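First the structure, in the form of structure tokens, and then the observations on it.
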Amino acid sequence: MHSFLVIALFLSLFSCTKEIDFEQADDFEISPVIESSLVFFDESASSFLANGTEIISIKDSIGIEVFNNDFVIDNLIKADFVFEATNSINKAFQIQVDFINDVDQQVHSFTLQALASTNGSDLLSNHVEVFEGDELEALKNTSKLIFTLSLLPGGTINPTTPGRIKLKSKAIFYLNIGDSI
């Protein structure tokens with residue numbers, strides 16, 4: 001048995017092997033796509049009343065910390081912000097999204113409009129904001145997003161007005177990681 005192990009070890013030392021090219025690791029590249037939820041709300045028409053008076057606009061903001069990371073800044077090649085608005089209220093609305101940097105300057109902005117629903121059925125509005133080139137550089141300098149929902153002129157809202165406004169959104173980040181970028 002001992003001689004069998006010696007022969008097997010001897011043969012394995014002199015068996016055929018393929019040379020390994022360690023330089024191929026320099027060509028390593030991976031391109032992950034990461035999705036993250038941004039904002040979501042679902043409000044009835046009566047949510048746009050305060051003491052019986054129609055609220056013209058609602059504003060909210062969120063801090064964005066992902067761009068404090070050098071890894072993300074160095075490897076982000078594209079981003080899409082996807083919005084889906086559903087309106088069943090007989091009043092159109094607009095959502096403005098402002099991208100703010102560390103010194104409170106606006107670096108990018110866009111709006112999404114949703115038409116009024118005249119019969120109470122859901123009307124869908126979609127918007128995709130694509131960030132490449134200069135827009136991507138502006139995005140990388142963003143530290144805060146400000147969302148402003150504004151009701152547009154039209155029918156009035158009262159406590160019995162039917163319908164809802166829904167908004168859901170996500171960010172899709174495209175990364176390219178590797179030495180052959």
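Points to keep in mind about this one:
- Cleavage-rule hits, chymotrypsin sites (Phe, Trp or Tyr not before Pro), region 49-147, DSSP coil, Cβ neighbours within 10 Å at most 14: none
- 11 Å beta-carbon shell around ASP104, net charge (K/R +1, D/E -1): -1
- Taking 19 Å as the limit for the C-alpha separation, the pairs LYS78/LYS168; LYS91/LYS166; LYS59/LYS166; LYS140/LYS168; LYS59/LYS140 exceed it in the case of LYS78/LYS168; LYS140/LYS168; LYS59/LYS140.
- Gain in span if fully extended, ASP102 to THR160, counting 0.36 nm per residue against the direct Cα distance: 16.6 nm
- Sites ASN141 and GLU54 - FRET efficiency at Förster radius 35 Å, r taken between beta-carbons, to 0.05: 0.45
- Within the assembled protein chains, the solvent-accessible surface assigned to THR160 is about 120 Å², based on a 1.4 Å probe.
- Shape call, region 71-126: gyration tensor on alpha carbons, a/c limit 1.5: oblate
- Kirkwood Rh, Cα atoms: Rg over Rh of region 36-181: 1.06
The values are calculated or read from the model by the stated rules, or taken from the named source; none is laboratory data. Here the structure is a predicted model, which means the values were calculated and not measured. Here the Cβ is made from the backbone with ideal geometry for all residues, glycine too, and neighbour counts use every protein chain on show. Only protein heavy atoms, including side chains, enter the accessible area calculation; ligands, DNA and RNA are left aside. Shrake-Rupley method; radii C 1.70, N 1.55, O 1.52, S 1.80 Å.
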